[in-house]
Amino acid sequence: MAKGELPEFISAERIAERVRDLGRAVSDDHADAAELTVVCVLNGAFIFTADLVRQISVPCRLEFIRASSYGALRSSSGTVSLAHDFDFDLEGRSVLLVEDIIDTGLTLSSIVDELLRQKPASLKICTLLDKSSVRKIPVLANYTGFTIPDFFVAGYGLDVAGLYRDIPFITVPES
């Protein structure tokens, strides 16, 4: 399906408004922090993270972690692989983990365990989308953009086998 034919599930305007709200909430909660370390989960959260950090008033340091449990599938494989190369320690830092979507909780739980091993002063989670109806492992985001039903979605960084990350809205692509 061509990009111009994809139906909007969540519009670019609604996303932009929600990202501004999330940025204000994160800023308010970290107003006393000298710096916030933002850890972006690649690949899906890169656009959301870029827009979010521009809305946060606290100075941000960006780090990246790659996590995958989908591959080319439309549902989690049940196996999470993590890769990161932080060039400094997270110990004692205020950390915000930014994820594109939380569904089963498996990926997020693995990432949180990895980050907590580094003993941050605080760790909060921000997700663009929360598909809580399919949760298998209990995880809770501190900041949520949108709670959605159990649809496979793409756009605004989320993909279908590598495609559609570049569209500015969230769509429910045909199978």
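With the requirement that a residue be open to solvent by less than 40 Å² (accessible area, probe 1.4 Å) and among the hydroxyl-bearing types (Ser, Thr, Tyr), what does region 139-168 give you?
Residues satisfying the conditions are Tyr143, Thr144, Tyr156, Tyr164.
Can you tell me how many residues within region 114-139 are part of a loop (DSSP other than H, G, I, E, B) and of a type in the set (S, T, N, Q)?
Count: 1.
Among the residues of region 119-138, write down those that are without any contact (Cβ under 8 Å) to a residue 40 or more places away in the chain and open to solvent by 30 Å² or more (accessible area, probe 1.4 Å). Before you say what the answer is, go through the steps one by one.
Restricting attention to region 119-138, the residues satisfying the condition of being without any contact (Cβ under 8 Å) to a residue 40 or more places away in the chain are 119, 121-123, 125, 127, 130-138.
Matches in region 119-138: Lys119, Ala121, Ser122, Leu123, Ser132, Ser133, Val134, Arg135, Lys136, Ile137, Pro138.
Go through region 46-59 and give me each residue that's open to solvent by 50 Å² or more (accessible area, probe 1.4 Å) and farther than 20 Å from Leu108 by Cβ.
Result: Arg54, Gln55, Ser57, Pro59.
Condition (residue is modelled with pLDDT under 90 and open to solvent by 30 Å² or more (accessible area, probe 1.4 Å)) applied to region 22-45: is it met by at least one residue?
No; the residues of region 22-45 include none that is modelled with pLDDT under 90 and open to solvent by 30 Å² or more (accessible area, probe 1.4 Å).
If I ask for residues that are farther than 18 Å from Glu91 by Cβ and either among the polar types (S, T, N, Q) or in a loop (DSSP other than H, G, I, E, B) (or both), which ones from region 19-46 would you list?
Restricting attention to region 19-46, the residues satisfying the condition of being farther than 18 Å from Glu91 by Cβ are 19-29, 31-32, 40-46.
Answer for region 19-46, where residues must be farther than 18 Å from Glu91 by Cβ and either among the polar types (S, T, N, Q) or in a loop (DSSP other than H, G, I, E, B) (or both): Ser27, Ala31, Asp32, Asn43, Gly44, Ala45.
Restricting to region 47-65, give me the number of residues that are in contact with a Gly (Cβ under 7 Å, 6 or more places away or on another chain) and either assigned to a helix (DSSP H, G or I) or charged (D, E, K, R) (or both).
Residues in region 47-65 being in contact with a Gly (Cβ under 7 Å, 6 or more places away or on another chain) and either assigned to a helix (DSSP H, G or I) or charged (D, E, K, R) (or both): 3 in total.
The values are calculated or read from the model by the stated rules, or taken from the named source; none is laboratory data. Given the structure is predicted, the values throughout are model-derived calculations rather than measurements. Methodologically, a virtual Cβ is constructed for each residue, glycine included, from the backbone with ideal geometry; neighbour enumeration extends over all protein chains shown. Surface areas here come from the heavy atoms of the whole protein model, side chains and all, with no ligands, DNA or RNA. Shrake-Rupley method; radii C 1.70, N 1.55, O 1.52, S 1.80 Å.
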